[in-house]
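J.: Pasting in a structure now, in structure tokens, and then I'll have a few things to ask.
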Amino acid sequence: MENIDWGSLPFGYLKTDFNVRSVYKNGKWSKLEVSSSEYIDIHIAATGLHYGQEAFEGLKAYMGKDGKIRLFRWEENAKRMLGSAEGVKMAQVSAEMFREALLKVIQLNKKFVPPYGSGATLYIRPLLYGSGAEVGVKPASEYTFIVFVTPVGPYFKDGVKPVNMMICRDFDRAAPLGTGIYKVGGNYAASMRAIMAAHTAGYSNTIFLDAKEKKYIDECGPANFFGIKNNTYVTPKSESILNSITNMSLIEIAQSLGMKTERRQVSVEELGTFEETGACGTAAVISPIAKIVDPEKNKIYEYCKDGKPGAETMKLYKKLTAIQCGDEPDTFGWITIVE
Ligand SMILES: Cc1ncc(COP(=O)(O)O)c(C=O)c1O
């Protein structure tokens, strides 16, 4: 694609050639169909529209120096989507169907996979929603599964740059026994007031606390939180956060580099004891955190005082990104090559 400036692409939507779709009707999924339309024809009473009966996923494919396209840990996304489907009572997409859709849509849009070294990647967005008509609150009897792709630019255009975050006590994203552990649209709608409040106040994102006690860290907008101290990687355990695949991977990498790891409740006060903190997720891999502000408690927690990301954070970041683009061997078995 000679006219795409890969390096300056945003994390946004860019039209590609094809998407793939399947419809669940009368208890079974249709054969995967290829579409070149960016639109769907949707019933005005679809449960996905009215009752938020929908779930999505987000993962990436990376072009290696060897010209091979690498897909990162798709099995985990497939598993998470099964959980989300069960969480809002939708038809299930099997791992096999998920894989077939992913491989097909990548193969069909090969020319949109950004070149090695550009920092850009191919973002893959599987979407599942209730497309059947209902007026009462109940699961639909028809579902639609779509996977589209879009090339996205490097998250940090001038190298990894620490960001500032704001603790949000005014809004909750998810309740402990609610749907926070699923990747369903309603959680994202619920998070927007807090995210916009943080942006308006000049912060990169919001940090959600546990909704019940407001004592523990939940997550950072659409990313998990971690802190590092005494050679230990600490990340929150909570019933209301999305289990980040990036976080799971960083935990394994940290262990392989000789760090200890802990997944447990992290109190707000503990923020003062970390040497480094960061937010992790597919979009940025890691956003190191420079400063966390807690306006209601008049507290500021500072890291990377020299404006640079911490050394341990960068070790983890470099190792994971090297595996993703094939610069280092995939000793964990996380990569699927797209032929
Ligand atoms: C709420 C939320 N938390 C965490 C993450 C990070 O998860 P992953 O590393 O699987 O992208 C995401 C993004 O998918 C998210 O939306």
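The values are calculated or read from the model by the stated rules, or taken from the named source; none is laboratory data. A quick note: this is a predicted structure, and the numbers were derived from the prediction, not measured. Cβ: placed from backbone, ideal geometry, glycine included. Neighbour counts: every protein chain shown. Just so you know, the surface numbers come from the protein's heavy atoms only, side chains and all, with ligands and any DNA or RNA stripped out. Shrake-Rupley method; radii C 1.70, N 1.55, O 1.52, S 1.80 Å.
J.: Any residue in region 63-85 that's free of Cβ contacts under 8 Å to residues at least 40 places away in the same chain: show its pairings with residues that are outside any helix (DSSP H, G or I) and surrounded by 22 or more Cβ atoms within 10 Å (Cβ to Cβ) at Cβ separation under 9 Å, as long as the two are six or more apart or on different chains.
T.: A78/E57; A78/V93; A78/P126; L82/V93
J.: Do we have any residue at all in region 272-289 that's more than 22 Å from F171 (Cα to Cα) and acidic (D, E)?
T.: yes
J.: Please enumerate the residues belonging to region 160-190 that are away from the ligand (no atom under 14 Å from the Cβ) and of a type in the set (D, E, K, R).
T.: Within region 160-190, K161, R169, D170 qualify.
J.: Among the numbered criteria (1) buried (at least 20 other Cβ atoms within 10 Å of the Cβ); (2) closer than 27 Å to S84 by Cβ; (3) among the hydrophobic types (A, V, I, L, M, F, W, C), which single criterion is violated by F274?
T.: (2)
J.: Would you check if there is a residue in region 144-159 being in a strand (DSSP E or B), away from the ligand (no atom under 16 Å from the Cβ), open to solvent by less than 30 Å² (accessible area, probe 1.4 Å) and more than 21 Å from L242 (Cβ to Cβ)?
T.: Yes.
J.: Further question: If a residue has to be surrounded by 20 or more Cβ atoms within 10 Å (Cβ to Cβ) and either at pLDDT below 95 or of a type in the set (D, E) (or both) to count, how many in region 206-221 make the cut?
T.: Matching residues across region 206-221 total 4.
J.: Now a separate question. Could you list all residues from region 292-339 that are modelled with pLDDT under 95, touching a helix residue (DSSP H, G or I) at 6+ places or on another chain (Cβ under 9 Å) and among the charged types (D, E, K, R)?
T.: Across region 292-339, the qualifying residues are K308, E339.
J.: Another one. Is at least one residue of region 289-300 open to solvent by 70 Å² or more (accessible area, probe 1.4 Å) and either part of a strand (DSSP E or B) or within 16 Å of the ligand (Cβ to nearest atom) (or both)?
T.: Looking for residues that are open to solvent by 70 Å² or more (accessible area, probe 1.4 Å) and either part of a strand (DSSP E or B) or within 16 Å of the ligand (Cβ to nearest atom) (or both), one finds at least one in region 289-300, hence yes.
J.: Hey, can you tell me all the residues within region 216-245 that are more than 12 Å from the ligand (Cβ to nearest atom) and assigned to a strand (DSSP E or B)?
T.: If the condition is that a residue be more than 12 Å from the ligand (Cβ to nearest atom) and assigned to a strand (DSSP E or B), then Y216, I217, G227, I228, K229, T232, Y233, V234 are the ones that fit.
J.: With A175, A198 as the choices, which residue is open to solvent by 30 Å² or more (accessible area, probe 1.4 Å) and in contact with a Ser or Thr (Cβ under 8 Å, 6 or more places away or on another chain)? If you could, list the steps in order and put the result at the bottom.
T.: Working: A198 fails: open to solvent by 30 Å² or more (accessible area, probe 1.4 Å).
Exactly one residue qualifies, and that residue is A175.
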